[in-house]
Amino acid sequence: MTERPVADILPASRIRLYDLATRPDRGEWIVGRFETRQFVALPKAGAVAIDLLGAGLTVEQAEVRLADEEGCEFDVLFFVRELIALGFVAEIDHHPVPSEVPQPASFPRVRPEHVRFALSPVLPVLFGSLMLAAVVALAVRPDLLPSFQDLLWTPPGSLVLAVGFVGGWSLVFVHELAHFVTARATGVHARIQLGTRLQFLVAETDISGIEIASRRHRLTAYSAGMAVNLSVAATATLLLAVTDETTTTHKILAAVMVLALLALPFQFLVFMRTDVYFILQDLTGCRDLFGDGKAYARYRGNRLWGAITGRGQALQDPSRYLPEHERRAARVYSAFLVFGTTLCLASMAAFTIPADVTLISRAVTRLGPEHPMTTNLDSIVVLLVLGTVHTLWAVTWWRRRREQRR
C-alpha cells in the first residue's frame, strides 16, 4: 500500500483510526492514543464523529449523521485533518497515513497485569501503618530526628559524596519507577527520561494517558513517588531504632533517611510542574494549568510593559475562553509561576553560577605537575562532575525544546 497525501482527503473518504482510549469528563471526552502518549479533550460531537468514522462511515456520511442525531453542524473533513496532525489516523481509503514513530515506553515487557498490585486499596493502608509506626518511633526516640549532620556520616569526604551520589540517584530512580509502575498498571505507556526544570536537571516520568484513568488511579500515579520517598524514610527510621548508633550501618541509614526527605520540598515547587503540581491541576479540574497560567502571566506582563512605555496595544485576556473554575485557578497559579520562577533564577544568578565558576576556575588553576597528585585528582573530579552535570542539562534542554518545536 502507498501512503496517501493528507490533501487527498475527500468527503467520500473512509478513515481507519488507531486504537483510541476514551473517557467522559465534565461534558467533554478525553481521547488519545497510548502508544504516542497524545491525548486531547474533545466536545461530544468530536467523540461521536470518531465513533462514526470508526464504524466505517465516510467523512460526508458522518457529517450528515451528526447533523441528524446531534442537531449540530460539525466540519468532519476539517476534524479529520486535526486527527491526522495528532497521529490518530492510520489509513485513508486503505492508504497508510505517514506519521512519526512513537518513542518507545520504558520497560516495554512490563504489562499492566504484572503491576496491577500497585493500584490495590491495601497499599494505602500499609503506607499509613508504616507512617504511624515511624511517627511513634520518633516520639519515643527524638534523637532519631533527621539532621544535616547525618549526611556527614564519616570524615572522608569522598565516601560522603559517593554515598550521597549513589543513594540520591538510586532514590530518584525508585521515585520515578513508582510513577511508572502505577501508570503502567492503568495501561499507560509510561517513559522515564531526563528533563529540565529551570536550572535543575531532573529525572521525570511521562505518564501522558493517565487522564483516561479514574481519579483515584490518577492521584495514585501522581503521588506514588512521594509515597516511596516517605516509605524509605519511615523504614530507615524504624531500622535506626533497632541498630547500634555507633555502627556504620546506623550512620548510613540516617543518611538515607535524610536523602529521602530532602527530595520532598522540591515537589511543592508547583511552578515547575512537579508531582504536587499535577495533583493540584487534577483537583482544580484544569486541562493545562501551567500553559494557561503562563499565557495569563505573559498577558499581564505585556499590559504592564505597555503602561510603563506608553505603547500599549489592545490585548485580549487569553483566559477569557476558559471555564470559570479554570480561569480562577490559572490566574492564581500565574502569580506563583512568576514569583517562583523569578526566585529560582535569582538564586541561580546569586549563588549557583558564582559557586560553579569559582569551583571550576579553582580546579583549573590547581591542575599541573607543580601540584601534588591528590590536588590534581581533586581538580579532575570537580571538572568531571560539574562538566557532566552541565553538559547533560544543556543536551537535555536542547532536545526537549527541539521536540516541542516539532
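If we keep just the residues of segment 197-221 that are surrounded by fewer than 17 Cβ atoms within 10 Å (Cβ to Cβ) and more than 14 Å from the chain's Cα centre (by Cα), which is nearest to SER170 (Cα to Cα)? Per the stated criteria, the residue is GLN199. Among the residues of segment 57-92, the one identified as in contact with a strand residue (DSSP E or B) (Cβ under 6 Å, 6 or more places away or on another chain) and either over 23 Å from GLU35 (Cα atoms) or free of Cβ contacts under 8 Å to residues at least 24 places away in the same chain (or both) is THR58.
Among the helices (runs of 4 or more DSSP H) confined to segment 218-334, the ones with at least 2 residues that are within 28 Å of LEU123 (Cα to Cα) and either assigned by TED's automatic domain parsing to the domain that holds THR182 or in contact with a strand residue (DSSP E or B) (Cβ under 8 Å, 6 or more places away or on another chain) (or both) are located at 248-267, 275-284.
If the condition is being farther than 17 Å from VAL332 by Cα and either loosely packed, with under 10 Cβ neighbours inside 10 Å or touching a residue at least 24 places away in the same chain (Cβ under 8 Å) (or both), then segment 297-316 contributes ILE308, THR309, GLY310, ARG311, GLN313, ALA314, GLN316. With respect to the conditions (1) within 26 Å of PRO104 (Cα to Cα); (2) without any contact (Cβ under 8 Å) to a residue 40 or more places away in the chain; (3) not β-branched (Val, Ile, Thr), PHE268 lacks only one, and its number is (1).
Hey, can you tell me all the residues within segment 175-185 that are touching a Pro at 6+ places or on another chain (Cβ under 7 Å) and either surrounded by fewer than 19 Cβ atoms within 10 Å (Cβ to Cβ) or farther than 16 Å from GLN103 by Cα (or both)?
If we filter segment 175-185 for residues that are touching a Pro at 6+ places or on another chain (Cβ under 7 Å), which is where we start, we get 184-185.
Across segment 175-185, the qualifying residue is only ALA185.
Residues checked against (1) of a type outside the set (Gly, Ala, Ser); (2) closer than 26 Å to ALA227 by Cα:
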residue: GLY285; (1), (2): no, yes
residue: GLY293; (1), (2): no, no
residue: TYR321; (1), (2): yes, no
residue: ALA346; (1), (2): no, no
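Applying the set (1) among the polar types (S, T, N, Q); (2) touching a residue at least 60 places away in the same chain (Cβ under 8 Å); (3) within 30 Å of PRO102 (Cα to Cα) to THR341 leaves exactly one unmet item: (3).
A count restricted to segment 251-302 and to residues that are within 21 Å of the chain's Cα centre (by Cα) and of a type in the set (Val, Ile, Thr) stands at 5. On inspection, ILE207 passes the criterion of being touching a His at 6+ places or on another chain (Cβ under 7 Å), over 21 Å from VAL125 (Cα atoms) and β-branched (Val, Ile, Thr). For ASP68, state whether it is at pLDDT 90 or above, over 30 Å from LEU261 (Cβ atoms) and either touching a Gly at 6+ places or on another chain (Cβ under 8 Å) or among the charged types (D, E, K, R) (or both). For ASP68, the condition - at pLDDT 90 or above, over 30 Å from LEU261 (Cβ atoms) and either touching a Gly at 6+ places or on another chain (Cβ under 8 Å) or among the charged types (D, E, K, R) (or both) - is not met.
Within segment 237-254, the set of residues being under 16 Å from LEU138 (Cα atoms) and in contact with a Phe, Trp or Tyr (Cβ under 8 Å, 6 or more places away or on another chain) comprises ALA254 only.
The values are calculated or read from the model by the stated rules, or taken from the named source; none is laboratory data. Note that the coordinates shown come from a computational prediction; the quantities given were computed from them, not determined experimentally. Please note: Cβ atoms are built from the backbone with ideal geometry, for glycine as well, and neighbour counts cover all protein chains shown.
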